[in-house]
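Reviewing the structure listed below.
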Amino acid sequence: MTTSDRLIEATRELLWERGYVGTSPKAIQQAAGAGQGSMYHHFAGKPDLALAAIRRTADEMRAVAKRSLSGGGSAYARVEAYLLRERAVLRGCPVGRLTMDPDVMASEELRAPIEETLDWLRGRLTSVFQEGLESGELTAALDPAELAATVVATVQGGYVLARASGSPAAFDTAVHGLLGLLRPLSSRTD
């Protein structure tokens with residue numbers, strides 16, 4: 001792994017754990033095993049490095065979601081695969097947690113990859129639900145975009161509930177509750 005990659009990976013972890021303000025250049029350097037000169041050789045400063053880390057986190061989140069949502073099977077099965085995939089529930093969503101960071105949200109540049117990723121996720125889920133409606137799999141007259149927003153809200157809210165309770169059971173309950181609501185909308189039996 002290059003020094004640049006080590007710095008980005010260290011920043012990703014620290015942003016997830018501590019947020020933007022709690023992630024100091026010194027902490028990044030220590031976690032990456034890199035000196036100050038190396039950091040500033042590769043990045044203009046903390047905001048530049050944070051942007052690279054946020055973009056990488058956003059890209060990874062999209063790739064993971066795409067694997068579940070682009071797999072074979074029915075629309076319900078693909079959404080179910082997305083909802084039930086393994087996650088570090090008690091750590092929270094690495095992208096969603098950044099929305100709670102006022103310094104990240106105050107920066108148009110740092111906020112952009114977060115907005116783009118959540119918009120992409122809602123769009124991809126909307127497409128999956130639309131496919132289900134067009135194929136006749138989904139029989140309810142619900143709006144695919146509203147269903148997509150509900151899925152994203154359930155996942156993000158599930159993370160919050162799990163972290164608040166200190167147990168992944170709250171996340172699991174939210175996800176299984178949503179799947180229970182979606183199941184009757186599907187004309188196929190799983």
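Annotations
- Residue within region 13-21 that is farther than 26 Å from E131 by Cα and acidic (D, E) present: yes
- Of everything listed in (1) farther than 18 Å from E137 by Cβ; (2) at pLDDT 95 or above; (3) open to solvent by less than 40 Å² (accessible area, probe 1.4 Å), the single unmet condition for L98 is (2).
The rows are residues; the columns are (1) assigned to a loop (DSSP other than H, G, I, E, B); (2) open to solvent by less than 20 Å² (accessible area, probe 1.4 Å).
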| site | (1), (2) |
| --- | --- |
| L118 | no, no |
| Q130 | no, no |
| L142 | yes, no |
| L147 | no, no |
| A162 | no, yes |
| F171 | no, yes |
| A174 | no, no |
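- Hits in region 1-23 - residues which are within 17 Å of H42 (Cβ to Cβ) and either over 17 Å from the mean Cα position of the chain (by Cα) or hydroxyl-bearing (S, T, Y) (or both): M1, T2, T3, S4, D5, R6, L7, I8, A10, T11, T23
- Applying the set (1) aliphatic (A, V, I, L, M); (2) out of contact with any Asp or Glu (no Cβ under 8 Å at 6 or more places or on another chain); (3) buried (at least 18 other Cβ atoms within 10 Å of the Cβ) to M105 leaves exactly one unmet item: (3).
- Any hit, region 48-60, residues being open to solvent by 40 Å² or more (accessible area, probe 1.4 Å) and in contact with a Pro (Cβ under 7 Å, 6 or more places away or on another chain): yes
- Test: L181 is part of a helix (DSSP H, G or I), in contact with a helix residue (DSSP H, G or I) (Cβ under 9 Å, 6 or more places away or on another chain) and either open to solvent by less than 60 Å² (accessible area, probe 1.4 Å) or at pLDDT 95 or above (or both): no
- Within region 85-97, no residue that is under 20 Å from E115 (Cα atoms) sits with its Cβ atom under 6 Å from a residue that is open to solvent by 70 Å² or more (accessible area, probe 1.4 Å) and in a loop (DSSP other than H, G, I, E, B) at 6+ positions apart or across chains.
- Long-range neighbours under 9 Å by Cβ, at least six apart or interchain, first residue over 16 Å from R6 (Cβ atoms) within region 18-38, second of a type in the set (V, I, T): G19/V104; Y20/V104
- Helices (runs of 4 or more DSSP H) wholly inside region 1-99 that include at least 3 residues being of a type in the set (D, E, K, R): 3-18, 46-69
The values are calculated or read from the model by the stated rules, or taken from the named source; none is laboratory data. All figures in this text were calculated on a predicted structure; none of them were measured in a lab. Quick reminder, even Gly has a Cβ in these numbers, built from the backbone with ideal geometry, and neighbours come from all protein chains shown. Quick note on the areas: whole protein, heavy atoms, side chains included, nothing else; ligands and nucleic acids left out. Shrake-Rupley method; radii C 1.70, N 1.55, O 1.52, S 1.80 Å.
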